[in-house]
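A.B. asks: One structure follows; several queries about it will come next.
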Amino acid sequence: MPITSSSTMKIESSAFAEGQTIPKKYTCDGPEVSPALSINGVPKNAKSLTLFLEDPDTSMGTFTHWAVFNISPEMTSVAEELPKTSPTFGTEGKNSAGTVEYLGPCPPTGTHHYIFTLYALDTKLTLPEGSTKEEIIKAMEGHILAEAKLTGLYGRK
C-alpha cells in the first residue's frame, strides 16, 4: 500500500526495543496481554489509526494476531492489556484464528518476527467490529497518510 505523504510517525514499546525479544508476559506462554505502545508523529490531518500485529514467518503465510481500526489519532500511548481495559481504544477486527481479540506471539517452533504496523488514515473506516484484515486493508486503500512499524522476536523450542 503506497503512502500518500511522508511522515516521521513512530510506534515503540516500553516492553521491548526494535528487533529485541518480546517478553513472555505478552505471549501465549504467559498471561497473553498486549504490550504498552507509544505513538508519535501522527500527521495532523489524520482522522484515525489502524494497528495490525502480524507474524510473517508461518508456514501457511502471514498470521494476523491483532487488528484494531478507528483508533483516535490523538492517542499517544496504548496502555498494557488493551483493549480489555478500554472499550474506547478502537474497533477490533478478526485475527487469523477468527476471533476478535489480541493473540500473543506463539510460534510452534523456532524464533518468529512479530510486526506491529500502525497506519495513519485520512478517514474513519465504516466497517463493523469483527471485519477481516482483508476488509480493513481494502477500506484503507487510498487513505494512508503514514505508516510505522515495530518488530519484536519471540521463539520457542
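The values are calculated or read from the model by the stated rules, or taken from the named source; none is laboratory data. On a predicted model such as this, the values are computed, not experimentally measured, just so you know. Positions of Cβ are generated from backbone atoms using ideal geometry, with glycine treated the same way; all protein chains shown enter the neighbour counts.
A.B. asks: Considering only residues that are at pLDDT below 95, at negative phi and either in contact with a Pro (Cβ under 6 Å, 6 or more places away or on another chain) or in a strand (DSSP E or B) (or both), which ones fall in segment 90-124?
C.D. replies: The answer is THR91, GLU92.
A.B. asks: In this structure, is LEU127 in a loop (DSSP other than H, G, I, E, B) and more than 15 Å from the chain's Cα centre (by Cα)? Show your work before the answer.
C.D. replies: Working: in a loop (DSSP other than H, G, I, E, B): yes; more than 15 Å from the chain's Cα centre (by Cα): yes.
Criteria met by LEU127.
A.B. asks: Same structure, new question: Identify all residues within segment 54-64 that are part of a loop (DSSP other than H, G, I, E, B) and hydrophobic (A, V, I, L, M, F, W, C); write none if there are none.
C.D. replies: Within segment 54-64, MET60 is the sole residue that qualifies.
A.B. asks: As an exercise: evaluate MET1 against (1) modelled with pLDDT of 95 or more; (2) assigned to a loop (DSSP other than H, G, I, E, B); (3) not basic (Lys, Arg) and give the number of the one condition it does not meet.
C.D. replies: Of the numbered conditions (1) modelled with pLDDT of 95 or more; (2) assigned to a loop (DSSP other than H, G, I, E, B); (3) not basic (Lys, Arg), the odd one out for MET1 is (1).
Residues are listed down the side, and each one gets a yes or a no for (1) without any contact (Cβ under 8 Å) to a residue 12 or more places away in the chain; (2) out of contact with any helix residue (DSSP H, G or I) (no Cβ under 8 Å at 6 or more places or on another chain); (3) in a loop (DSSP other than H, G, I, E, B):
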| position | (1), (2), (3) |
| --- | --- |
| ALA15 | no, no, yes |
| ASP29 | no, yes, yes |
| SER38 | no, yes, no |
| PHE52 | no, no, no |
| TRP66 | no, yes, no |
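A.B. asks: OK, next. For segment 71-89, what are the residues that are in a loop (DSSP other than H, G, I, E, B), in contact with a Ser or Thr (Cβ under 9 Å, 6 or more places away or on another chain), modelled with pLDDT under 90 and among the small types (Gly, Ala, Ser)?
C.D. replies: Listed by number, the list holds a single entry, ALA79.
A.B. asks: How about segment 105-156: which of its residues are touching a strand residue (DSSP E or B) at 6+ places or on another chain (Cβ under 6 Å), basic (Lys, Arg) and closer than 19 Å to GLU54 by Cα?
C.D. replies: If the condition is that a residue be touching a strand residue (DSSP E or B) at 6+ places or on another chain (Cβ under 6 Å), basic (Lys, Arg) and closer than 19 Å to GLU54 by Cα, then LYS133, LYS149 are the ones that fit.
A.B. asks: A follow-up question, please. So which residues in segment 130-157 are out of contact with any Phe, Trp or Tyr (no Cβ under 9 Å at 6 or more places or on another chain), in a strand (DSSP E or B) and not basic (Lys, Arg), if there are any at all?
C.D. replies: Of everything in segment 130-157, just one residue is out of contact with any Phe, Trp or Tyr (no Cβ under 9 Å at 6 or more places or on another chain), in a strand (DSSP E or B) and not basic (Lys, Arg), namely GLY155.
A.B. asks: Does ALA139 count as touching a residue at least 12 places away in the same chain (Cβ under 8 Å), of a type in the set (A, V, I, L, M, F, W, C) and either crowded, with 19+ Cβ neighbours inside 10 Å or closer than 25 Å to SER59 by Cα (or both)? Step through it out loud before you land on a result.
C.D. replies: Details: touching a residue at least 12 places away in the same chain (Cβ under 8 Å): yes; of a type in the set (A, V, I, L, M, F, W, C): yes; either crowded, with 19+ Cβ neighbours inside 10 Å or closer than 25 Å to SER59 by Cα (or both): no.
Taking the combined requirement at face value, the residue does not satisfy it.
A.B. asks: Restricting to segment 4-13, and then to whatever is assigned to a loop (DSSP other than H, G, I, E, B) and surrounded by 12 or more Cβ atoms within 10 Å (Cβ to Cβ), can you tell me which residue is modelled with the lowest pLDDT? I'd like the intermediate steps shown before the answer.
C.D. replies: In the first step, residues of segment 4-13 are kept if they are assigned to a loop (DSSP other than H, G, I, E, B); the result is 4-9, 13.
This time we only want the ones that are surrounded by 12 or more Cβ atoms within 10 Å (Cβ to Cβ), so: 4, 7, 9, 13.
On the way: THR4: 43, SER7: 60, MET9: 96, SER13: 97.
Looking at residues that are assigned to a loop (DSSP other than H, G, I, E, B) and surrounded by 12 or more Cβ atoms within 10 Å (Cβ to Cβ), I get THR4.
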